[in-house]
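Take a look at the structure below.
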Amino acid sequence: MASTTRRPSRASDRRAILEKRILTVIEGLLQGGVTYTELSVEQIAQAAGISRSTFYLYFRDKVDVLLRLSGSLRSESYAIAAAWQPTGADGGVDGLARTYERILQHYRKYAALLAAINEVAAYDPAVREAWSAYQSQFIDNTITVLKGEQQAGRTPQDIDPVLAGRLIVQGGGQVIARQVACSEGSDDSEVARELALAYWHGVYRRPAAATHGG
């Protein structure tokens, strides 16, 4: 009897390999000083060692490339953030600081891509909407955590979890983006610690020493 186990299609494999190659190429081109807006499909294809026709077999345009490449950045960073729970094994303010530092390290791996996303999101609705939806995932997760902490009696009831979640994610996101863009990373742990303390004091309103796992 023939096996019913489905294997990834060769087209999917080729796409994954090509996306990885193009990401490396784009990182090199951006690090050379050009902006993503200035890059042409011809430049990307030539640097990746493929023809324009091959490029268009896999991507609609260079914005489609950016959306595809940003998928792994978004999913991996969200997984890092969602893994932290206030009373979990790596909970407390110390665990939160480590989570922020892991997110910073992750974004540094994709620094050129992150810069390109921020650049193109300023004028392209598709990229802007994708990035907004990505940020909404973080906000929704934070709201869920805050509501759970309120129900458990660990967070004051007068805190608005929706507003607090939005401020925590949007404010922290701006700090992280600036840190990645303007610092070489030697102070990432200090920045991560301050972000964690700001989150913790704002939500729990008590010293870090009084926290679970902190």
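Matching residues to (1) surrounded by 13 or more Cβ atoms within 10 Å (Cβ to Cβ); (2) in contact with an Asp or Glu (Cβ under 7 Å, 6 or more places away or on another chain):
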site	(1), (2)
Arg15	yes, no
Thr35	no, yes
Thr87	yes, no
Glu101	yes, yes
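Any idea which of (1) part of a helix (DSSP H, G or I); (2) farther than 30 Å from Val34 by Cα is the one Pro86 doesn't satisfy?
All conditions pass for Pro86, except number (1).
Could you please find all residues in segment 141-159 being aliphatic (A, V, I, L, M), touching a helix residue (DSSP H, G or I) at 6+ places or on another chain (Cβ under 6 Å) and within 10 Å of Val203 (Cβ to Cβ)?
Leu146
Quick check on this structure: which one of Val162, Val191 is of a type in the set (A, V, I, L, M), touching a helix residue (DSSP H, G or I) at 6+ places or on another chain (Cβ under 7 Å) and open to solvent by 60 Å² or more (accessible area, probe 1.4 Å)?
On the way: Val191 fails: open to solvent by 60 Å² or more (accessible area, probe 1.4 Å).
So the residue among Val162, Val191 that is of a type in the set (A, V, I, L, M), touching a helix residue (DSSP H, G or I) at 6+ places or on another chain (Cβ under 7 Å) and open to solvent by 60 Å² or more (accessible area, probe 1.4 Å) is Val162.
Using beta carbons and a limit of 7 Å, which pairs, at least six apart or on different chains, have the first residue in segment 3-24 and under 18 Å from Ser53 (Cα atoms) and the second one at pLDDT 80 or above and part of a helix (DSSP H, G or I)?
Arg15/Tyr58; Leu18/Tyr58; Glu19/Arg68; Glu19/Leu69; Arg21/Ala48; Ile22/Ile44; Ile22/Ala48; Ile22/Val65
Only one of (1) in a helix (DSSP H, G or I); (2) more than 23 Å from the chain's Cα centre (by Cα) is not met by Ile50, so which one is it?
The single condition Ile50 does not satisfy is (1).
Looking at segment 165-186, which of its residues are surrounded by 13 or more Cβ atoms within 10 Å (Cβ to Cβ) and among the charged types (D, E, K, R)?
Across segment 165-186, the qualifying residue is only Arg166.
Which one is nearest to Leu18 (Cα to Cα) among residues in segment 57-67 that are touching a residue at least 12 places away in the same chain (Cβ under 8 Å) and open to solvent by 10 Å² or more (accessible area, probe 1.4 Å)?
Tyr58
Quick one: count up the residues across segment 27-46 that are small (Gly, Ala, Ser) and under 16 Å from Phe59 (Cα atoms).
Of the residues in that region, 2 qualify.
Assess whether Ala45 counts as being open to solvent by less than 30 Å² (accessible area, probe 1.4 Å), of a type in the set (Gly, Ala, Ser), modelled with pLDDT of 90 or more and more than 16 Å from Thr142 (Cβ to Cβ).
So Ala45 fits the description; yes.
The values are calculated or read from the model by the stated rules, or taken from the named source; none is laboratory data. In this text the structure is predicted, and so the values were computed from the model without any measurement. Note: ideal-geometry Cβ built from the backbone for every residue, glycine included; neighbour counts use all protein chains shown. Only protein heavy atoms, including side chains, enter the accessible area calculation; ligands, DNA and RNA are left aside. Shrake-Rupley method; radii C 1.70, N 1.55, O 1.52, S 1.80 Å.
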